[in-house]
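Accompanying notes for the structure given below.
The values are calculated or read from the model by the stated rules, or taken from the named source; none is laboratory data. These numbers come from a predicted model, not from an experiment. Cβ: placed from backbone, ideal geometry, glycine included. Neighbour counts: every protein chain shown.
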There are 2 protein chains.
Amino acid sequence: MDLNNRFLPECVTDLIEELAKLPTVGKKSAQRLAFHLLRQDDEKIDKLAGAILGIKDGVHFCEECFNLTTERVCKICDNPSRNHKTVCVVEDVLDLIALESTMEFNGVYHVLHGALSPLDNVGPDDLKLHELFNRLESKDEADKVEELILANNTNTEGEATALYIHEHLKGNGLNITRIASGMPVGGDLDYADSLTLKRALKGRGEF
Amino acid sequence: MDLNNRFLPECVTDLIEELAKLPTVGKKSAQRLAFHLLRQDDEKIDKLAGAILGIKDGVHFCEECFNLTTERVCKICDNPSRNHKTVCVVEDVLDLIALESTMEFNGVYHVLHGALSPLDNVGPDDLKLHELFNRLESKDEADKVEELILANNTNTEGEATALYIHEHLKGNGLNITRIASGMPVGGDLDYADSLTLKRALKGRGEF
């Protein structure tokens, strides 16, 4: 990027450098984004910079489910119209967003913030697993969680994490379910991998 | 995006919304970028926001070539070691960056800021064409431009713009050249379109 210093103003090369640090943004994309911003009026620039600075203070994890919040608990845990007896376990907040966008789930969540991955040195203590187990135990009878939906990703790490949770909790009367595995809607059978097809067959239901 | 307001803090949804306004950044990418920024420390957040705000003031077009600058003329026009008698015409500053990165060109530039495109209502008056023609005329004999390299894009709009400039200037003694068209290096002949192959044949040179 030093190259550009010879023919562009420093503030422009600074911006390109900062944008290029973002994930999935390479040098070329950073240039395009920077030149897009250069064409914007001051108000729009201020709004973007303000939104970035706005997350600096006050965003932390919900004490209940580890979603993001600026309060003690998040908007979902704080919502009395949601079913607090069904807890859906997800790997991160992006998964929670994806599930919420289906408008199919009215329970609450538990965000693990990762998946077990020995190769990356991620063990049970690095995830919000103890918090999950505590949460399931400490409830009094009226608030007792009845169903735990394991919506971990369906890759190796996600499966391992789901298995770990299942092993730890089985036999204590909790209904533990796993999201269905199979053909994605609109998928082509001859492009699907054999494991997906195996799961799709195994999990077949009445037509 | 209203959907997210139900379960995420407002400052996070604000940031996602602002990021999603950037070109090539969709809703999903905006979410990923926002969660990346949420994991950064304050110092990095400040640097990014600062770089964005940094372009607000003082960046304008070079009076000579319409590259970006914070001074009267840009770093290239201001450089006495560059050959001011060879002017390379480009569509935008990104093209200038691409050419500079080759380290092959020691002349100066003229940035048109677009290409002729009647379908998009872009005519000669919308580009820095008059400025180019004035620039070529007004020089006294010592500084006279000798070669004009047309490095407009090789798409229809770029070709039309190059043709327009050539028509306007031919016969006034200026050496007008066009960048070579042909096979890109590393290209596969059977994947190239016929027009590219035609140009590659037509422009063939001694081996």
Taking the stretch B:67-89 and keeping residues outside any loop (DSSP other than H, G, I, E, B), out of contact with any helix residue (DSSP H, G or I) (no Cβ under 9 Å at 6 or more places or on another chain) and facing another protein chain (nearest Cβ under 10 Å) leaves B:Thr69
For the stretch A:106-114, check the following and say yes or no: at least one residue is free of Cβ contacts under 8 Å to residues at least 12 places away in the same chain and not hydrophobic (A, V, I, L, M, F, W, C). no
Restricting to the stretch A:22-66, give me the number of residues that are within 19 Å of the chain's Cα centre (by Cα) and within 7 Å of chain B (Cβ to nearest Cβ). 5
If A:Leu169 satisfies all but one of (1) surrounded by 10 or more Cβ atoms within 10 Å (Cβ to Cβ); (2) within 22 Å of A:Phe105 (Cα to Cα), what's the number of the condition it fails? (2)
Looking at the stretch A:153-160, is at least one residue at pLDDT below 90 and farther than 25 Å from A:Thr102 by Cα? no
Which of the numbered conditions does A:Glu167 fail, given that it passes all the others? Conditions: (1) in contact (Cβ under 8 Å) with a residue 24 or more places away in the chain; (2) part of a helix (DSSP H, G or I); (3) not small (Gly, Ala, Ser). (1)
Where residues in the stretch B:1-11 are within 7 Å of another protein chain (Cβ to nearest Cβ) and not in a loop (DSSP other than H, G, I, E, B), which of them is modelled with the highest pLDDT? B:Cys11
Does the stretch A:90-99 contain at least one residue that is under 30 Å from A:Ile179 (Cβ atoms), assigned by TED's automatic domain parsing to the domain that holds A:Ile165, of a type outside the set (Lys, Arg) and in a loop (DSSP other than H, G, I, E, B)? yes
Going through the stretch A:126-160 one residue at a time, which ones are hydroxyl-bearing (Ser, Thr, Tyr) and over 26 Å from A:Arg204 (Cβ atoms)? A:Ser138
Does any residue of the stretch A:73-87 turn out to be assigned by TED's automatic domain parsing to the domain that holds A:Asp143, in contact (Cβ under 8 Å) with a residue 60 or more places away in the chain and surrounded by fewer than 17 Cβ atoms within 10 Å (Cβ to Cβ)? yes
Test B:Val93 against the stated conditions and say whether it is at pLDDT 95 or above and either surrounded by fewer than 16 Cβ atoms within 10 Å (Cβ to Cβ) or within 12 Å of another protein chain (Cβ to nearest Cβ) (or both). no
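One line per residue, one yes/no per condition, for (1) of a type outside the set (S, T, N, Q); (2) within 21 Å of the chain's Cα centre (by Cα); (3) outside any strand (DSSP E or B); (4) not assigned by TED's automatic domain parsing to the domain that holds B:Asp95:
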{"residue": "B:Leu132", "(1), (2), (3), (4)": "yes, yes, yes, no"}
{"residue": "B:Asn152", "(1), (2), (3), (4)": "no, yes, yes, no"}
{"residue": "B:Ile176", "(1), (2), (3), (4)": "yes, yes, no, no"}
{"residue": "B:Met183", "(1), (2), (3), (4)": "yes, no, yes, no"}
When you scan the stretch B:12-21, do you find a residue that is more than 10 Å from every other protein chain (Cβ to nearest Cβ) and in a helix (DSSP H, G or I), even just one? yes
How many residues, within the stretch A:27-42, are outside any helix (DSSP H, G or I) and either within 18 Å of B:Leu96 (Cα to Cα) or aromatic (Phe, Trp, Tyr) (or both)? 1
